[in-house]
Amino acid sequence: MKMMLAAALHVQRRRCEPAMPQTAPAHPVKISKNDDEALARVFMGYTVSATVWLIFATFVGILLAYKFGAPEFGPGEWLTFGRLRPIHTNGTFYGWASIALVGLAYYVAARSSRTPLFSARLAWLGLWLFNIAAFVGTVALFLGYNAGDLEYREWPWPVRLIFLAALLVTAWNLLATVAQRSTDDIYLSNWYTMGGVLWTCIIAVVAILPWYQYGLGQVAVSGFYMHNAVGMWFTPLALGIFYYALPKLLSRPIYSYALGIFAFWTNLVFYPIIGAHHFLFSPLPWWLQTTAIVFSVAMLVPVLGGSANFLLTMRGSYGELRHSYPLMFIFVGVLGYLLGSTQGTFEAFRSLQAIWHLTNYTVGHSHLTMYGFVNFAIWGGVYALLPAATGKSPSQLGLALHFWMALVGVVIYVLSLSIGGTIQGLDWEHGLPFIQSVIDMQPFYVWRGVGGVLMFLSHLVFAWNIWGMTVGIRLRQTAPEQVAARGRTA
Ligand code: HEM
Ligand code: HEM
């Protein structure tokens, strides 16, 4: 009883603490101006590099979208759909989102641990390795060299080894940074980012080892890899950003530290087992498929717990949204996480898979989650934290244009594919000729293209904003206190 009371008081105390402990650090570590500058340069380097990949990979996304309406557009083997699609998916996953998230994770780790980065050199080495993998992988795919139809791991295996090396370097550097922290506790964000990097090293090894990669073994590994790439890599890193940026922007602690830890562990218990929901009705053992469905439902626990934590942290501050685009990006990201993941749970039911599997509905889900959740989390984090690192901030016009074009674009994209994909699935279910489903999808493909163009234009504005926050002319000197949402930043 005594212990329970002590635990409850501990949790209560945590909730009352400010965003980051404001008391003197437990084990003071001296942070020099050079350390600050080195960290800012690393953060900038990762963000700029990621932005280049975002523009390239989503330009390819636009080409893909238009090929649905005009298949002859972009002739020649280089521009076939089969080559462009993995270039788009791998480019957005590993060139854009991974690099941007690692840059943010380094910044958050050093700031929340009140310590310099363990090694700026290792961080730059990691950035080179990520870029070499993404570049060589893209060229290989363009030239027609690939590992077959292994989704999200189409790069030839030596290229995936380079990516694995980048992950290992990142894991080492991130853990060593947190290990030399001057605070007693490991801040919540770092649980998520360190967990994400470590899990992904394991997942990447499993995906490369050849011994069980044949027959049904390969199918099982594909499900495991695909879903863990999104669930144990992008998801925890993006959630880690929420846990740091949200309290900073609002100048208040996260609603519940304990709930954050609970969501972390339940995510770890439930996520790795749900990969087989990508292959329902396949020859994979029926019990494995059923287990994947059960755990897809269990995923509601961390998803609802985590989302409630963010929304309750914002409770009473929704008025702030009108004054802060970084906060708006994060708010949309939280909604994207909540809606997209809950949608995923429903998608996993056999009755609904029977309609939606292999239709464009799934592509809508992919973009609601990877775009509506992960992209908005990255943008919110970059706008909240990069100005504090560089002392330069983007213009309000740039922020507004980016936010509204990306939001309207992704809403059009997801709605059109969700409605069109459902019609497509029902056509198949009713046994209509296949061509009927193609004809029925036509208007929705056009709307997807419209949404896609808006999204792409918003990325160009993002690049302009990055210019403003890094190499551009000092638009306005930003005191850390003034950044973003009138809240304190690191
Ligand atoms: C946590 C709850 C989630 C569940 C239960 C879930 C469930 C599903 C299901 C059942 C599919 C397969 C659809 C099909 O093939 O017909 C799917 C696909 C997908 N999901 Fe989720 N999802 C969840 C969260 C997320 C999140 C957070 C992300 C991104 C960060 C994501 C990204 C994707 C992607 C990219 C695909 C497409 C995979 C492919 O290429 O086939 N999901 N999801
Ligand atoms: C301008 C913005 C974008 C456009 C126009 C676009 C377009 C497309 C198109 C046309 C496909 C092929 C769908 C199919 O095979 O039927 C696709 C697939 C995909 N894209 Fe994008 N995309 C964009 C941005 C992004 C971003 C930023 C991400 C990730 C961060 C992303 C992740 C994916 C994924 C995971 C798939 C595979 C979907 C699945 O199999 O379910 N896309 N995209």
Only residues that are surrounded by 20 or more Cβ atoms within 10 Å (Cβ to Cβ) and of a type in the set (Phe, Trp, Tyr): list them for the range 73-97, please. 93, 94, 96
Looking only at the range 343-374, which residues are under 21 Å from residue 97 (Cβ atoms), among the polar types (S, T, N, Q) and more than 6 Å from ligand 1 (Cβ to nearest atom)? 343
Among the residues of the range 213-247, write down those that are in a helix (DSSP H, G or I), over 20 Å from the mean Cα position of the chain (by Cα) and either away from ligand 1 (no atom under 16 Å from the Cβ) or among the aliphatic types (A, V, I, L, M) (or both). 215, 216, 217, 219, 220, 221
Take the conditions away from ligand 1 (no atom under 16 Å from the Cβ), of a type outside the set (A, V, I, L, M), assigned to a helix (DSSP H, G or I) and over 27 Å from residue 462 (Cα atoms) and apply them to residue 53. Does it pass? no
Tally, over the range 301-320, of residues that are among the β-branched types (Val, Ile, Thr), over 20 Å from residue 200 (Cβ atoms) and surrounded by 17 or more Cβ atoms within 10 Å (Cβ to Cβ): 1
Working only within the range 56-72, note down all residues that are surrounded by 21 or more Cβ atoms within 10 Å (Cβ to Cβ) and not in a helix (DSSP H, G or I). none
Take the residues in the range 270-288 that are out of contact with any Pro (no Cβ under 9 Å at 6 or more places or on another chain) and without any contact (Cβ under 8 Å) to a residue 40 or more places away in the chain; name whichever of them is nearest to ligand 1 (Cβ to nearest atom). 273
Restricting to the range 293-347, name every residue that is out of contact with any helix residue (DSSP H, G or I) (no Cβ under 8 Å at 6 or more places or on another chain) and either within 16 Å of ligand 2 (Cβ to nearest atom) or among the basic types (Lys, Arg) (or both). 315, 322
Which residue pairs have Cβ atoms under 6 Å apart, sit 6 or more places apart or on different chains, and have a first residue in the range 361-378 that is under 21 Å from residue 240 (Cβ atoms) and a second that is within 9 Å of ligand 2 (Cβ to nearest atom)? 371/410; 372/410; 374/97; 374/234
If you check 94, 152, which single one turns out to be within 30 Å of residue 218 (Cβ to Cβ) and outside any helix (DSSP H, G or I)? 152
Conditions first: (1) within 16 Å of ligand 2 (Cβ to nearest atom); (2) at pLDDT below 95. Residue 157 passes all but one, so which condition is the exception? (1)
Of all residues making up the range 189-212, the number that are of a type in the set (Ser, Thr, Tyr) and either within 12 Å of ligand 1 (Cβ to nearest atom) or touching a Cys at 6+ places or on another chain (Cβ under 7 Å) (or both): 0
Of all residues in the range 301-329, which are closer than 25 Å to residue 395 by Cα and either in contact with a Leu (Cβ under 7 Å, 6 or more places away or on another chain) or in contact (Cβ under 8 Å) with a residue 60 or more places away in the chain (or both)? 314, 317, 320, 321, 323, 324, 325, 326, 327, 328, 329
The range 248-300 - residue that is surrounded by fewer than 17 Cβ atoms within 10 Å (Cβ to Cβ), part of a helix (DSSP H, G or I) and polar (S, T, N, Q) and, of those, farthest from the chain's Cα centre (by Cα): 290
Before we move on, is residue 254 away from ligand 1 (no atom under 13 Å from the Cβ) and without any contact (Cβ under 8 Å) to a residue 40 or more places away in the chain? no
Where residues in the range 143-154 are surrounded by fewer than 17 Cβ atoms within 10 Å (Cβ to Cβ) and not hydroxyl-bearing (Ser, Thr, Tyr), which of them is modelled with the lowest pLDDT? 149
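Residues are listed down the side, and each one gets a yes or a no for (1) farther than 30 Å from residue 317 by Cβ; (2) within 16 Å of ligand 2 (Cβ to nearest atom); (3) touching a helix residue (DSSP H, G or I) at 6+ places or on another chain (Cβ under 8 Å):
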| site | (1), (2), (3) |
| --- | --- |
| 213 | yes, no, yes |
| 217 | yes, no, no |
| 220 | yes, no, yes |
| 243 | no, no, yes |
| 251 | no, no, no |
| 276 | yes, no, yes |
| 287 | yes, no, no |
| 291 | yes, no, yes |
What pairs come up if the first residue lies in the range 52-70 and is farther than 13 Å from residue 85 by Cα and at pLDDT below 95, the second is aromatic (Phe, Trp, Tyr) and within 10 Å of ligand 2 (Cβ to nearest atom), and their beta carbons are under 6 Å apart, counting only those six or more places apart or on different chains? 69/445
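The values are calculated or read from the model by the stated rules, or taken from the named source; none is laboratory data. Just so it is clear, the structure is predicted and the values come from calculations on it, not from any experiment. Note: ideal-geometry Cβ built from the backbone for every residue, glycine included; neighbour counts use all protein chains shown.
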